[in-house]
1. Could you figure out which of (1) more than 23 Å from Asn336 (Cα to Cα); (2) among the aliphatic types (A, V, I, L, M); (3) in a helix (DSSP H, G or I) isn't true of Ile119?
2. Looking at Phe65, is it surrounded by fewer than 18 Cβ atoms within 10 Å (Cβ to Cβ) and assigned to a helix (DSSP H, G or I)?
3. So how many residues does the stretch 313-341 have that are assigned to a helix (DSSP H, G or I) and surrounded by 14 or more Cβ atoms within 10 Å (Cβ to Cβ)?
4. Working carefully through the options Ile167, Ile141, Ile130, Ile147, find the one that is touching a residue at least 40 places away in the same chain (Cβ under 8 Å), assigned to a helix (DSSP H, G or I) and not small (Gly, Ala, Ser).
5. Checking Tyr309 against (1) on the phi > 0 side of the Ramachandran plot; (2) modelled with pLDDT of 80 or more: exactly one of these is not met. Which one?
6. Looking at the structure I just gave you, is Leu111 of a type outside the set (Lys, Arg) and exposed (fewer than 15 other Cβ atoms within 10 Å of the Cβ)?
Amino acid sequence: MVLKTFGWSFAVTALGLVAAILFGGWTAFGIVAILSILEISLSFDNAVVNAGILKKMNAFWQKIFLTVGILIAVFGMRLVFPVVIVALSAQLGPIEAVKLAFDDKDQYQQLVTDAHPSIAAFGGMFLLMIFLDFVFEEREIKWLTWIERPLSKLGKVDMLSVCVALIVLLIASVTVGANAHQHGGLHVDKAETVLLAGIGGLITYMIVGGLSGYFEDKLEEDEEREHEEEEKAARAGKPRTAVAMAGKAAFFMFLYLEVLDASFSFDGVIGAFAITNDIVLMALGLGIGAMYVRSLTVYLVRQGTLDEYVYLEHGAHYAIGALAALLLITIQYEINEIITGLIGVVLIGASFWSSVRRNKAIAAAGGTPEKTEVSSGV
């Protein structure tokens with residue numbers, strides 16, 4: 001099972017490390033290895049959240065996620081995305097941006113760093129909305145009940161998550177503007193950039209998440225009527241509605257997964273510049289890490305890990321909330337990538353430990369874990 005799921009990741013790791021040695025020797029080998037570990041540590045929560053979505057999709061779309069999805073993740077976000085940032089921020093053509101990445105690595109790094117506020121605002125708002133919609137939703141199983149119970153009651157207020165996100169964005173942009181004013185008005189348009197980028201992240205979430213949620217709901221409704229409609233559709237010689245809706249639902253869920261992955265990759269791409277400004281080594285290292293995140297996602301789905309350890313999804317969403325906060329904070333202040341990675345690992349580790357305790361408590365009571373809520377002591 002492990003070899004079948006992680007086989008491609010192992011192969012890509014071997015090829016990537018060999019390519020690194022051929023490209024820059026053992027120093028490049030070490031850099032690529034470090035970048036791979038960085039990407040995995042920063043994106044483990046991404047894998048858990050992805051698994052929660054991917055388990056609703058059939059085998060075909062899971063394969064699409066591992067093939068087309070990984071091409072988008074590795075080549076799109078880890079290689080093309082930094083070049084696009086430079087092209088847009090420096091108003092260069094794509095060819096000139098690529099030349100700059102190879103010929104003047106320091107200038108290339110500086111341009112990406114200058115674009116960080118807009119990247120962080122966009123990604124931070126997208127991830128913040130994911131977290132808010134999770135904690136404001138009423139759930140049968142709760143992890144941190146003292147937080148989740150009152151928040152789920154508040155969540156009955158329409159558009160509350162959007163209001164909270166906009167308030168956070170407004171505070172972030174005002175803080176940036178005030179700081180720029182205190183420093184002699186330098187980068188006075190930074191506040192406007194943060195505001196517009198944050199609104200862009202919010203709109204993206206609402207469009208992609210809204211469409212995927214809509215088609216998912218429609219699919220569930222059609223599945224409830226599937227038995228009654230099957231005979232009628234067969235007599236008419238037409239395909240069942242549920243099949244068509246499954247395709248649409250899966251497509252928009254796949255699209256949602258890719259945007260989610262892009263938001264998670266922002267901090268990894270920016271953090272990679274603390275280790276190297278070589279675009280080739282960066283793509284190799286982050287690409288290897290992205291492969292493991294993909295494989296880990298499928299492993300969690302096939303093993304039914306989220307069903308067995310029910311608090312993992314909670315921990316991952318809390319890690320998303322922490323990452324969203326950190327991205328918004330890094331607009332103004334620098335935070336070490338190790339801190340970013342450790343917060344996610346600690347939260348997911350705590351949720352796993354709570355899940356184990358829950359399962360043991362249920363087993364001791366002679367119950368079944370699927371529908372039993374056990375209050376966590378975390």
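1. Single failed check for Ile119: (1).
2. The answer is no for Phe65.
3. Final tally of qualifying residues: 20.
4. Residue meeting the stated conditions: Ile130.
5. (1)
6. For Leu111, the condition - of a type outside the set (Lys, Arg) and exposed (fewer than 15 other Cβ atoms within 10 Å of the Cβ) - is not met.
The values are calculated or read from the model by the stated rules, or taken from the named source; none is laboratory data. No experiment lies behind these values; they were computed from the predicted model shown. Positions of Cβ are backbone-derived with ideal geometry, glycine not excepted, and every protein chain shown enters the neighbour counts.
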